[in-house]
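Read the figures in this text as sums done on the coordinates, not as results from a lab. Every value quoted in this text rests on a predicted model; they were computed, and no experiment measured them. Note that each Cβ is placed from the backbone with ideal geometry, even for glycine, and that neighbours are counted across all protein chains shown.
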Amino acid sequence: MNSKTLKNILKIILLTVVISFTIDKIVFLGLNTISDKVMTGQSIGKLNQFLAIKDSTNFLVFGNSRANHHIDMDLFSTKGYNMGVDGTGIAYSSTLINTLNKNKPQLILVHIDTKNFFDNSYEGSDIRGLKTKFNRNENITKALNKSKQISPIQHFYYSINYNGNAIGILKNYFKPSYNYKTYNGYDPIKVSESQKSMRDALLLKDNSVNCLNNYQVNTIALEYLRTIKSYIENSKNKTFIFITSPSYNDPCEGDNKVLNDIMKQLGLTYIDYTNLYKENKINNSSYWKDKTHLSEKGAKVFSEFLQKELKNYFN
């Protein structure tokens with residue numbers, strides 16, 4: 001290959017990179033303009049609403065689907081918001097907590113599940129649910145960079161961060177899913193008549209497993225928990241309470257005990273409600289959608305109980 005041919009190839013490569021980079025930034029700007037106006041749906045709307053109101057609330061809930069579907073905000077505060085998001089874990093919650101104004105008085109309820117802390121396969125990949133804010137929000141960008149869950153190419157082609165979310169964003173842009181002005185983040189699970197028989201059969205199914213004698217803590221999950229602890233130590237006028245909401249039955253309780261010990265060692269307030277219904281002999285099948293998710297009826301009962309437990313924090 002002679003030098004002239006090599007130069008032409010390099011010119012073509014350079015031109016391709018420049019054009020693709022320019023197109024990427026135009027697309028990124030367009031998606032930003034659209035997505036910033038979306039306030040509904042879990043693709044980005046709920047996150048946008050949270051970032052807009054987070055420092056004007058007095059009560060916030062973080063966690064996965066069990067936080068999202070189990071804690072009825074209407075029973076706690078008119079200035080509260082449930083930032084529970086399906087499919088997320090401690091990495092997602094920790095990152096959002098670190099976006100809060102450290103000086104704003106707030107009660108923060110963090111829902112945690114043992115599955116994150118004792119699942120060896122957990123890599124904190126749920127933090128990628130925040131990738132639409134990469135290079136747009138300083139705290140989120142910092143956390144994503146540290147997590148190593150962002151590929152090198154995303155540092156160059158920003159619009160890639162919208163992959164998997166673009167359709168949901170466009171859908172909610174043209175047709176909002178709900179009135180976000182009256183939405184407080186809580187999404188109750190309604191069980192239809194046709195679903196009840198299947199639900200009842202599922203609850204009766206034996207879920208016994210061989211429980212471990214030694215539970216190994218996932219170091220990634222533990223590090224994100226420590227990140228929250230560090231935030232708590234550097235904030236003022238904030239009260240943090242960590243909880244695990246009820247399950248229909250828990251075949252292994254050893255992991256709960258280990259997690260409780262970890263929380264004590266870190267000096268974090270933790271209340272394990274896993275067996276709340278079992279211990280109080282109120283495990284009504286109508287309270288459940290499946291063995292880990294409460295129905296709207298069950299969530300109301302749990303929220304009423306939790307509200308009484310936390311009432312002194314709202315005085």
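Report, in whole Å, the centroid distance computed from the Cα atoms of segment 191-213 and segment 41-93.
27
So which chymotrypsin sites (Phe, Trp or Tyr not before Pro) in segment 152-239 are both in a DSSP loop and have at most 13 other Cβ atoms within 10 Å of their Cβ? Display every interim value, and only then the final one.
Details: sites: Phe156, Tyr157, Tyr158, Tyr162, Tyr173, Phe174, Tyr178, Tyr180, Tyr183, Tyr186, Tyr215, Tyr224, Tyr231; in loops: Phe156, Tyr157, Tyr178, Tyr183, Tyr186, Tyr215.
Those satisfying the criteria are Phe156, Tyr178.
Relative contact order (percent) for segment 120-179, with alpha-carbon contacts under 8 angstrom and 6 or more residues of separation?
Working: 27 pairs, mean separation 17.2, N = 60.
It rounds to 29 percent for segment 120-179.
Measure off 7 Å from each Cα along the Cα-to-Cβ vector at Lys291 and Asp55, then give the distance between these two points in nanometres to one decimal.
About 4.5 nm separates the two model spin labels.
In nm, to one decimal, how far is the modelled label at Asp86 from the one at Lys229, with both set 7 Å along Cα→Cβ?
Between Asp86 and Lys229, the simple spin-label model gives 3.4 nm.
Which of the following values of P(r) over Cα pairs in 10 Å bins from 0, in percent was calculated from the structure shown: (1) 5, 23, 31, 23, 10, 4, 3, 1, 0; (2) 5, 17, 21, 21, 16, 10, 5, 3, 1, 0, 0; (3) 5, 20, 25, 18, 12, 10, 7, 3, 0?
(1)
Hey, which of these cross-link pairs are over 31 Å Cα-Cα: Lys54/Lys171; Lys238/Lys291; Lys54/Lys175?
Working: Lys54/Lys171 25 Å; Lys238/Lys291 33 Å; Lys54/Lys175 24 Å.
Checking Cα-Cα distances, Lys238/Lys291 exceed 31 Å.
Would you please state which residues of segment 239-266 a label at Asn213 would reach in this model, taking the label point 7 Å out along Cα→Cβ and a backbone N cut-off of under 15 Å?
Of the residues in segment 239-266, 254 have backbone N under 15 Å from the label point off Asn213.
Where Lys and Arg each count +1 and Asp and Glu each count -1, what net charge lies around Asn237 among other residues with Cβ under 14 Å from its Cβ? Present the calculation step by step, with values, prior to reporting the outcome.
Numbers: positive: Lys102, Lys104, Lys236, Lys238; negative: Asp55, Glu233.
Value of the local net charge: +2.
What's the magnitude of the charge dipole for segment 119-271 around its Cα centre, counting Lys and Arg as +1 and Asp and Glu as -1 at the beta-carbon? Answer in Debye, nearest 20. Don't skip to the answer; put the middle values down first.
Values: 20 positive and 14 negative charges, 177 e Å.
Roughly 860 debye for segment 119-271.
To make sure I understand, if each residue's beta carbon is the centre and we count other beta carbons within 10 Å, what order do Met263, Met198 fall in, fewest to most?
Numbers: Met263 18, Met198 11.
If I rank by nearby Cβ atoms, fewest first, I get Met198, Met263.
What is the P(r) of segment 243-292, as percent of Cα-Cα pairs per 10 Å bin from 0?
P(r) over segment 243-292, rounded to whole percents: 24, 48, 23, 5.
List the residues of segment 124-167 whose backbone N lies under 12 Å from a point placed 7 Å from the Cα of Val27 along the Cα-to-Cβ direction.
Of the residues in segment 124-167, 157-164, 166 have backbone N under 12 Å from the label point off Val27.
For a Förster distance of 41 Å, can you work out the FRET efficiency between the beta-carbons of Lys181 and Ser20, rounded to the nearest 0.05?
Details: r = 40 Å, r/R0 = 0.97.
Calculated transfer efficiency: 0.55.
Which percent, to the nearest 5, of DSSP beta bridges fully inside the chain are antiparallel?
Values: 1 of 19 bridges.
Taking every DSSP beta bridge with both residues in the chain, the antiparallel ones total about 5 percent.
What are the membrane-span-like helices in the chain by this rule: whole DSSP H runs, Cα extent along the axis at least 15 Å, mean Kyte-Doolittle hydropathy at least 0.5?
Working: long enough: 3-35 (47 Å, 1.24); 193-204 (18 Å, -0.45); 219-233 (21 Å, 0.18); 254-266 (19 Å, -0.58); 296-310 (20 Å, -0.51).
Going by DSSP H runs, the hits are 3-35.
Would you calculate the separation in nanometres between label points at Asp36 and Ile271, each defined as 7 Å from the Cα along the Cα-to-beta-carbon direction?
For the pair Asp36/Ile271, the computed spacing is 4.1 nm.
How much net charge surrounds Ser192 when only other residues with a Cβ under 12 Å from its Cβ are counted (Lys, Arg +1; Asp, Glu -1)?
+2
For segment 189-286, which trypsin sites (Lys or Arg not before Pro) pass both filters: DSSP loop (anything but H, G, I, E, B) and at most 10 other C-beta atoms within 10 Å? List each step's numbers first, then the result.
Numbers: sites: Lys190, Lys196, Arg199, Lys205, Arg226, Lys229, Lys236, Lys238, Lys257, Lys264, Lys278, Lys281; in loops: Lys190, Lys205, Lys236, Lys281.
Here the sparse-neighbourhood loop sites are Lys190, Lys205, Lys236, Lys281.
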